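A quick write-up on the structure given underneath.
The values are calculated or read from the model by the stated rules, or taken from the named source; none is laboratory data. Here the structure is a predicted model, which is why all the values come from computation and not from measurement. Here the Cβ is made from the backbone with ideal geometry for all residues, glycine too, and neighbour counts use every protein chain on show. Accessible surface is based on the protein model in full, side chains and every heavy atom, while ligands, DNA and RNA are left aside. Shrake-Rupley method; radii C 1.70, N 1.55, O 1.52, S 1.80 Å.
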Amino acid sequence: MRPNKRSLGYHQGNMQRRAFLATLPAISFLTSCSSTSKLRLALNWKPDPQFGGFYGAPYKEHKLDVEILPGGAGTPTVQMIGAGSAEFGIVSADELVVARSRGNDVVALFAVFQDTPQGIMVHEERGLMAIEEVFEEGTVALQKGLPYARLLEKQFKFDQVKIVPSPGGDITAFLNDPLFAQQCFVMSEPLQARHKGAKVTVFPVADTGYNPYTTVLATSGTFLKNNAGVVEQMVAAVREGWRAYLDNPKPTNDKMQALNPSMDAATFAEVAEAQKPFIENEDTQGMGLGSMTRERWQKLIDQLHGLGDIPEAIPPDDCFRKI
Amino acid sequence: MKRILPPLIPMLLAIAISEIAVRQAWIASYLVPTPSAVLMAMIDSRVELWQAFLKTSSGALLGFALSTTLGVAIAVLLSSSRRIQRAFYPYAVFFQTVPIIAIAPLLVIWFGYGMKTVIASAFVVSIFPVIANTLTGILSTDPALRDMFRLYGASKRTTLFKLSLPAALPQILTGLRVASGLAVIGAIVGEFIGGEGLGSVVDVARTQQRVDKVFAAVLLASILGLALFGLINLISNHTLRRWHASEQA
């Protein structure tokens with residue numbers, strides 16, 4: 001971490017300017033090594049169960065002082081990490097690959113969701129059996145910039161439906177229009193819609209073969225290089241946090257609900273339960289929570305290259321670090 | 001040249017500095033694009049950007065036209081009696097304080113996806129300056145001239161069209177200048193939620209981390225705002241230069 005003005009002020013009175021400047025790299029190194037420096041973790045949404053393990057992580061036991069910065073729709077966490085305005089951030093794997101191909105040196109450390117929880121939800125009454133039928137009639141709310149939206153467009157064409165911007169977590173338009181379909185987190189919006197009395201069918205995006213790691217803890221290459229020990233402790237704390245959250249989400253849910261009262265306690269519990277299969281599967285049972293494989297990264301890079309999202313394929317090993 | 005040069009110098013300087021700063025890697029190119037990258041994005045995506053520009057222009061212009069017509073009409077109505085003014089003016093102020101980004105999703109529910117939402121958004125954010133300025137203009141009409149119209153037995157209609165509105169013209173035009181920029185902002189916000197236009201281009205480009213394209217779309221939106229502002233200035237110059245000090249300098 002960079003030294004702040006106050007920590008430098010002490011030296012200024014006693015040293016010649018040149019001598020002082022010569023010590024800057026050393027001071028910078030020492031402060032960056034300090035395990036008590038405040039670390040910022042930028043989220044891309046409000047406190048909710050998808051961040052449970054981050055809120056429940058025992059940072060203090062790992063001598064870390066972590067400040068969690070909640071985000072909102074469009075919080076540019078990947079740029080924040082690159083710019084140094086947060087040491088850690090939550091990104092998705094596809095976002096990270098695009099960022100790296102644009103020169104933003106961001107590295108994945110821990111992938112919470114092994115399978116992407118993105119999906120398309122439709123009204124059950126339509127009797128749709130496959131995702132391609134979603135694109136045969138009505139309106140579909142999709143964030144057009146997302147790679148999977150363009151992958152869907154490539155596979156199914158969008159000439160028979162009206163594509164409109166995604167309303168985020170808002171399901172009002174969905175509830176009002178039986179022919180409205182919208183992108184969703186499979187354990188979030190469909191639950192809300194069911195609570196409001198709607199019958200919902202969800203088609204997971206992962207079924208189309210596009211399955212990036214999601215809710216991925218990442219840092220910058222520079223921070224990783226200069227603070228390998230801190231990063232290691234961070235990942236260990238986060239892994240313990242997720243283990244604890246999966247075993248007993250209640251204490252952390254209470255903590256998060258105090259920060260995000262718009263979601264009720266029952267929903268917190270329901271979502272925490274529903275997301276478990278996305279977080280813990282055969283892979284993680286063998287390799288540990290949050291682990292990632294080179295093959296998965298390679299496949300994603302190939303898909304993004306094929307879509308034209310990245311001009312050239314990038315090395316998969318640079319995208320993530322096994323810790 | 002005397003008028004063009006002063007604003008041109010800071011612009012060229014800013015372009016040169018940002019080009020050098022990014023090329024020298026003082027600023028990362030994924031945070032701020034070089035002006036040349038923005039230009040390239042404009043050229044590469046010219047068809048998409050041009051179509052988006054036309055959509056945003058229509059939405060902003062229609063919203064602005066609606067604000068102008070209704071804004072002046074409401075101000076005339078409010079000026080007709082103190083009681084009406086007291087009863088309704090607070091609601092006009094309410095429009096000014098509406099956080100458009102918060103109600104934009106509701107506009108989609110009310111008006112559906114597409115142009116109607118964009119026009120409504122442009123209208124909501126741009127009507128207040130028209131009402132407020134027109135009202136101030138009408139209420140500031142010279143009392144001596146008002147008395148003269150009364151002495152000659154002029155009807156209310158004649159007084160409005162021959163005296164109050166012409167006298168309020170400088171203030172009306174000031175309101176329109178402010179409203180023109182706001183209408184463009186309102187249209188873009190409407191497009192974030194309602195789809196299409198430059199707002200949609202910005203939204204998609206941002207998701208794709210294409211800062212060059214975001215800047216290209218934002219630049220076009222600014223050009224639209226400037227063009228509208230220029231149009232109002234032209235009208236102002238044409239209508240006021242014979243009698244109002246603001247256009248005689």
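Against the list (1) surrounded by 15 or more Cβ atoms within 10 Å (Cβ to Cβ); (2) β-branched (Val, Ile, Thr); (3) in a helix (DSSP H, G or I), the condition B:ILE84 fails is (1). From the residues in region A:178-204 that are within 20 Å of B:SER200 (Cβ to Cβ) and more than 22 Å from the chain's Cα centre (by Cα), which one is surrounded by the fewest Cβ atoms within 10 Å (Cβ to Cβ)? Across region A:178-204, the extreme among qualifying residues is A:PHE180.
Note on region A:23-61: among residues that are modelled with pLDDT under 90 and in contact with a Leu (Cβ under 8 Å, 6 or more places away or on another chain), the one that is most open to solvent (accessible area, probe 1.4 Å) is A:SER35.
Any idea which of B:ALA75, B:ALA60 is within 29 Å of A:ASP170 (Cα to Cα), assigned to a helix (DSSP H, G or I), touching a residue at least 24 places away in the same chain (Cβ under 8 Å) and among the small types (Gly, Ala, Ser)? Walk me through how you get there before you give the answer.
Numbers: B:ALA75 fails: within 29 Å of A:ASP170 (Cα to Cα).
Exactly one of B:ALA75, B:ALA60 is within 29 Å of A:ASP170 (Cα to Cα), assigned to a helix (DSSP H, G or I), touching a residue at least 24 places away in the same chain (Cβ under 8 Å) and among the small types (Gly, Ala, Ser), namely B:ALA60.
So which residues in region A:102-130 are open to solvent by 10 Å² or more (accessible area, probe 1.4 Å) and either within 14 Å of another protein chain (Cβ to nearest Cβ) or under 20 Å from A:GLN143 (Cβ atoms) (or both)? Passing the criteria: A:ARG102, A:GLY103, A:ASP105, A:ASP115, A:GLN118.
Here the condition is being in the same structural domain as A:GLY286 (by TED's automatic domain parsing) and over 21 Å from A:LEU246 (Cα atoms); of A:PHE88, A:PHE110, it holds for A:PHE88 alone. Among the residues of region A:96-153, those identified as among the acidic types (Asp, Glu) and under 24 Å from the mean Cα position of the chain (by Cα) are A:ASP105, A:ASP115, A:GLU153. Within region A:163-191, the set of residues being farther than 21 Å from A:SER262 by Cβ, within 12 Å of chain B (Cβ to nearest Cβ) and part of a loop (DSSP other than H, G, I, E, B) comprises A:PRO165, A:ASP177.
Applying a threshold of 8 Å to beta carbon distances and a minimum spacing of six or more residues, or different chains, the list of pairs starting in region A:304-323 at a residue that is free of Cβ contacts under 8 Å to residues at least 60 places away in the same chain and open to solvent by less than 30 Å² (accessible area, probe 1.4 Å) and ending at one that is outside any loop (DSSP other than H, G, I, E, B) and of a type in the set (D, E, K, R) reads A:PRO316/A:ARG294.
Beta carbons closer than 6 Å, at least 6 apart along the sequence or on distinct chains, pair a first residue in region A:204-219 that is assigned to a strand (DSSP E or B) with a second that is open to solvent by 10 Å² or more (accessible area, probe 1.4 Å) for A:PRO204/A:VAL186; A:THR214/A:SER92; A:THR215/A:GLN50. Applying a threshold of 8 Å to beta carbon distances and a minimum spacing of six or more residues, or different chains, the list of pairs starting in region A:143-162 at a residue that is within 8 Å of another protein chain (Cβ to nearest Cβ) and ending at one that is part of a loop (DSSP other than H, G, I, E, B) and open to solvent by less than 50 Å² (accessible area, probe 1.4 Å) reads A:GLN143/A:PRO165; A:GLN143/A:SER166; A:LYS144/A:PRO165; A:GLY145/B:GLN208; A:LYS162/A:GLY138; A:LYS162/B:TYR113.
For region A:274-289, the tally of residues that are open to solvent by 40 Å² or more (accessible area, probe 1.4 Å) and in a loop (DSSP other than H, G, I, E, B) stands at 1. Every condition in (1) in contact with a helix residue (DSSP H, G or I) (Cβ under 9 Å, 6 or more places away or on another chain); (2) within 14 Å of chain B (Cβ to nearest Cβ); (3) surrounded by fewer than 24 Cβ atoms within 10 Å (Cβ to Cβ) is met by A:GLU133 except one, and the failing one is (2).
For region B:186-197, indicate whether the set of residues that are open to solvent by 20 Å² or more (accessible area, probe 1.4 Å), under 22 Å from B:ALA227 (Cα atoms) and part of a loop (DSSP other than H, G, I, E, B) is non-empty. Yes; the residues of region B:186-197 include at least one that is open to solvent by 20 Å² or more (accessible area, probe 1.4 Å), under 22 Å from B:ALA227 (Cα atoms) and part of a loop (DSSP other than H, G, I, E, B).
Looking only at region B:233-249, how many residues end up being without any contact (Cβ under 8 Å) to a residue 60 or more places away in the chain and either in contact with a Ser or Thr (Cβ under 8 Å, 6 or more places away or on another chain) or open to solvent by less than 20 Å² (accessible area, probe 1.4 Å) (or both)?
In the first step, residues of region B:233-249 are kept if they are without any contact (Cβ under 8 Å) to a residue 60 or more places away in the chain; the result is B:233-234, B:237-238, B:241-243, B:245, B:247-249.
Narrowing the set further to residues that are either in contact with a Ser or Thr (Cβ under 8 Å, 6 or more places away or on another chain) or open to solvent by less than 20 Å² (accessible area, probe 1.4 Å) (or both) leaves B:247.
The number of residues fulfilling the criteria is 1.
Taken over region B:204-230, the criterion of being within 10 Å of chain A (Cβ to nearest Cβ), without any contact (Cβ under 8 Å) to a residue 12 or more places away in the chain and part of a helix (DSSP H, G or I) is satisfied by B:VAL204, B:ARG206, B:THR207. The conditions are (1) free of Cβ contacts under 8 Å to residues at least 24 places away in the same chain; (2) part of a helix (DSSP H, G or I), and B:GLY153 fails exactly one of them. Which is it? Unmet for B:GLY153, out of (1) free of Cβ contacts under 8 Å to residues at least 24 places away in the same chain; (2) part of a helix (DSSP H, G or I): (2). For region B:221-232, filtered to residues that are aliphatic (A, V, I, L, M) and open to solvent by 30 Å² or more (accessible area, probe 1.4 Å), the residue that is farthest from B:GLN51 (Cα to Cα) is B:LEU231.
In region A:239-266, the residue that is surrounded by the fewest Cβ atoms within 10 Å (Cβ to Cβ) out of those that are without any contact (Cβ under 8 Å) to a residue 12 or more places away in the chain and either hydroxyl-bearing (Ser, Thr, Tyr) or within 17 Å of A:GLU280 (Cβ to Cβ) (or both) is A:ASP247.
Remark: B:PRO166 falls outside the filter, which requires a residue to be touching a residue at least 12 places away in the same chain (Cβ under 8 Å) and either touching a Pro at 6+ places or on another chain (Cβ under 8 Å) or part of a helix (DSSP H, G or I) (or both).
Taking the criterion of being open to solvent by 20 Å² or more (accessible area, probe 1.4 Å) and outside any helix (DSSP H, G or I), the residues of region B:99-130 that qualify are B:PRO99, B:GLY112, B:TYR113.
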